[in-house]
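Structure first, commentary second.
Values quoted throughout were computed directly from the atomic coordinates according to the rules given, and no laboratory measurement underlies them. None of these values were measured; they are calculated from a predicted model. Here the Cβ is made from the backbone with ideal geometry for all residues, glycine too, and neighbour counts use every protein chain on show.
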């Protein structure tokens, strides 16, 4: 499905149905396909909406507009266009930073936030040579394979999944590949994140080398004091691909607990009564 929003065309993949929607935002290097292993394990009572960020997957690739606020505006436009009135944001890595900014604005209908190996809200500090390596990581098949094996994963991916990661990484527009390490990764949204007031869970891989458990404990959890952390044993940064069953189970358990606390939006007329956390 293609949606025109925020001056560009965004590709969206949907499955399931129901009043509760789960909106998935992918990592730097991925696409909506990154989430297929997770969404296929979720109950059909949840409507899932997986978005290709601009410049990635099947979405259009405008010449500019790759800051966190731009990616957030794209996702907000998708949510508005689809008329999602009761939803949970699920963001992975770069998509996790985008999800944090959206949640900080306290949009109507947002019920909870799932951050999977998220990039923290503070700028990621890299030496110039490290930034250059990251910028060039997705330029050739050999460099993508090196990153998969030595940076992104702690568990081997099956052949089909590995090929998908390579294809998605190489397919992205040059401006999208360059924007994350050189622009969006450096952005500071720590002040905004302090406004997040919905239930939040942070899902971290035990052996994540990109957004390490210790980094998230120092840079993210203190800024969302009501957030809980769940650590996936033996898992690296690509947990939606390395451990899709486990990620799906965490999401189902977390969302079900929220549903049990309050009647969720079964009809549009009930939206004003949707659960809202009182945490500040």
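A compact table of results
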{"quantity": "Equivalent ellipsoid, the range 39-178 (semi-axes from 5 times Cα gyration tensor eigenvalues, Å)", "calculated": "27, 19, 15"}
{"quantity": "Between the range 113-131 and the range 1-65, the alpha-carbon center distance in angstrom", "calculated": "21"}
{"quantity": "Where a label projected 7 Å from the Cα of residue 190 along Cα→Cβ would reach, residues of the range 111-126 with amide N under 20 Å", "calculated": "118-126"}
{"quantity": "Per-q log10 I(q)/I(0), the range 19-122, q = 0.18, 0.24 Å⁻¹ (Debye; single scatterer per alpha-carbon; no solvent)", "calculated": "-0.81, -1.48"}
{"quantity": "Additional length obtainable on full extension of the chain from residue 214 to residue 249, 0.36 nm per residue less Cα span", "calculated": "10.3 nm"}
{"quantity": "Cut-off 16 Å (backbone N to label point 7 Å along Cα→Cβ of residue 226), residues of the range 57-93", "calculated": "87-89"}
{"quantity": "Nearest-ten-degree value, helix 68-82 long axis tilted from longest Cα axis of the chain", "calculated": "40"}
{"quantity": "Whole-number D in µm²/s for the range 121-236 (Stokes-Einstein; Kirkwood sum over Cα pairs; 10 °C, 1.306 mPa s)", "calculated": "100"}
{"quantity": "Tail beyond 16 Å, pair distance distribution of the range 183-244 (Cα, percent)", "calculated": "50"}
{"quantity": "Label point distance in nm, residue 45-residue 126, each placed 7 Å from Cα along Cα→Cβ", "calculated": "4.2"}
{"quantity": "The range 156-193-the range 204-264 distance, computed between alpha-carbon centres (Å)", "calculated": "19"}
{"quantity": "Gained length - residue 108 relative to residue 80, 0.36 nm times residue gap less alpha-carbon distance", "calculated": "9.0 nm"}
{"quantity": "Estimated [θ] at 222 nm from DSSP helical runs (n ≥ 4, -39500 (n - 2.57)) normalised by residues in the chain, nearest 500", "calculated": "-10000 deg cm²/dmol"}
